[in-house]
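To keep things clear, I will list the structure first and then write my remarks on it.
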Amino acid sequence: MMSDAGSSVLVERDSPSKPEKKKTKYDVVIIGAGPAGYTAGIYCSRARHDTLIISGILPGGQLMNTTDVENYPGFADGIMGPDLMITMRKQTERMGTAIIDDEVIDVDFRHKPFKILTASEEYECRAVIIATGASPKKLGLPGETTFGGKGVSYCATCDGPFFRNQEIIVVGGGDSAIEEGTFLTKFGSRVHMVHRRDQLRASKVMQERAMVNPKIQFHWNSEITDIQGDQKVQKAILKNIKTGEITTLTAGGIFVAIGHTPNTKIFENQVELDSQGYIVLKDHTKTNVEGVFAAGDVHDHRYRQAITAAGYGCMAAIDVDKYLTENKA
Ligand code: NAP
């Protein structure tokens with residue numbers, strides 16, 4: 001657990017005679033710098049709360065791995081994911097939010113002020129917004145990295161329209177896979193559902209809808225063993241787990257929909273999590289710990305969109321503002 005070390009340290013400036021005291025106490029600390037974290041920062045700073053964002057190891061979150069974003073309002077011609085996140089960051093900084101690119105390694109929400117520990121620093125604050133997001137589970141194939149943003153995707157809503165009239169593969173057998181596969185039939189010439197078993201985990205109604213969709217073809221007991229292409233994805237190698245048969249599927253897009261992992265490891269034993277590790281909200285954005293709020297994919301496994309995460313960030317900041325106003329230090 002965290003130590004009770006002092007809450008501020010002395011850091012040397014250019015001139016050794018003028019040491020600058022590094023700021024480590026804030027009204028609000030936001031953990032995570034995706035759309036939820038940045039939006040929360042904008043609203044907290046505009047409400048005149050002294051606000052710090054600790055960005056984590058991938059500032060900008062999942063959109064940093066995305067190419068065109070066409071469904072975030074305000075950009076008539078679309079925008080590249082990293083450009084959107086850099087713009088959000090600049091806007092957040094302009095509002096006065098401090099941003100530190102560091103990783104939180106531990107937290108202590110059992111006592112107030114709350115303590116947040118990075119590898120190099122300990123911060124104190126009166127309120128926390130957890131906005132650490134979730135990470136899509138990966139197949140673990142080298143081709144996933146090689147073709148990330150070049151045909152391999154983890155979000156049909158985001159990337160489906162880029163695969164018009166192409167063959168598309170969807171991996172998984174849960175609600176996400178079936179939902180995404182069905183959605184992708186709007187764009188693709190055919191959708192190949194690749195599932196490792198011969199039974200779907202998805203709800204019956206969604207299964208039935210997919211089964212009668214003429215554009216969907218199921219490949220049971222199958223796994224992808226390789227993703228191949230030149231500049232972009234061109235095909236996948238499939239192995240039938242039962243028979244060992246190897247086949248090749250031509251496809252321009254491969255959507256991996258095998259679930260998400262919420263980034264909540266450091267919050268175990270600090271806030272209530274559900275059986276899958278998502279933060280449980282009690283009342284709007286409040287967690288079970290007074291003064292600790294959550295926003296975005298870290299609690300929301302239903303919508304998982306940049307715009308909904310941003311909306312939750314706004315809600316959490318408004319809830320924090322009310323909390324801090326009612327609980328003056
Ligand atoms: P999920 O229910 O955990 O399903 C994951 C699927 O991926 C399973 O079919 C699993 O196969 C497969 N899988 C897991 N790891 C794999 C691997 N390494 N290689 C190949 N396949 C793998 O996840 P989800 O579909 O994302 O759903 C998560 C939660 O959100 C669920 O509670 C779901 O009901 C809910 N959800 C609801 C809706 C809706 O109601 N509209 C939409 C989306 C999600 P096995 O079946 O063999 O384990």
- Query: Can you list the residues, at least 5 places off or on another chain, whose amide H is less than 5 Å from the amide H of Gly188, using H built in the peptide plane?
  - Reply: Asn165
- Item | ³J(HN,Hα), Karplus 6.51/-1.76/1.60, whole Hz, each residue of region 272-278, x for Gly, Pro | 6, 10, 7, 5, 9, x, 6
- Please list 250-256, 57-63 highest first by mean number of surrounding beta-carbon atoms within 10 Å per residue. 250-256, 57-63
- Query: So which cysteines in the chain don't have a second cysteine's C-beta under 4.7 Å from them?
  - Reply: Cys44, Cys125, Cys314
- Task: Work out, step by step, the length gained on full extension between Arg209 and Glu245: first 0.36 nm times the residue separation, then minus their alpha carbon distance; give nm to one decimal.
- Result: 10.1 nm
- Taking a 30 Å limit on the Cα-Cα distance, which of the listed pairs Lys137/Lys239; Lys23/Lys150; Lys23/Lys322 fall beyond it? Lys23/Lys150
- Query: Using 7 Å Cα-to-Cβ label points, what is the Ser275/Glu70 separation (nm, one decimal)?
  - Reply: 3.8 nm
- Task: Search the structure for amide H atoms under 5 Å from the amide H of Val289, placed 1.01 Å from N in the peptide plane, and list their residues when 5 or more places away or on another chain.
- Result: Glu272
- Item | Relative contact order of the chain, defined on C-alpha pairs under 8 angstrom at six or more residues apart (%) | 19 percent
- Query: Is region 72-158 best put as rounded, prolate or oblate by its Cα gyration tensor, with a ≥ b ≥ c the root eigenvalues, rounded for a/c under 1.5, and otherwise prolate when a/b is larger than b/c, oblate when not?
  - Reply: oblate
- Message: For region 183-329, what does the relative contact order come out to in percent, with C-alpha contacts under 8 Å and a separation of six or more?
- Response: 12 percent
- Computed ³J(HN,Hα) along region 259-269: with the Karplus parameters 6.51/-1.76/1.60, θ = phi - 60°, integer Hz and x for glycine or proline, the list is x, 10, 10, x, 8, 10, 3, 6, 9, 4, 6
- Item | Relative compactness, the chain, computed as alpha-carbon Rg over 2.2 N^0.38 Å | 1.12
- Message: With N set to the number of residues, divide the alpha-carbon radius of gyration of region 142-256 by 2.2 N^0.38 Å and report two decimals.
- Response: 0.97
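Quote to one decimal, in nm, the extra length available between Thr146 and Gln234 on full extension: 0.36 nm per residue of separation minus the C-alpha distance between them.
Contour length minus Cα-Cα distance gives 30.4 nm.
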- Reachable aspartates and glutamates, given that their alpha-carbon falls under 17 Å from the alpha-carbon of Lys22 and they are not under 8 places away in the same chain: Glu12, Asp14, Asp50, Asp101, Asp102, Glu121, Glu122, Glu124
- Task: Could you sort out which of Lys112/Lys328; Lys90/Lys115; Lys138/Lys235 sit more than 24 Å apart by Cα distance in this structure?
- Result: Lys90/Lys115
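Each reported figure results from applying straightforward, stated rules to the coordinates on display, with no laboratory input. This is a predicted model, so every value here is computed, not measured. Cβ coordinates were reconstructed from backbone atoms using ideal geometry, including for glycine residues, and neighbour counts include every protein chain displayed.
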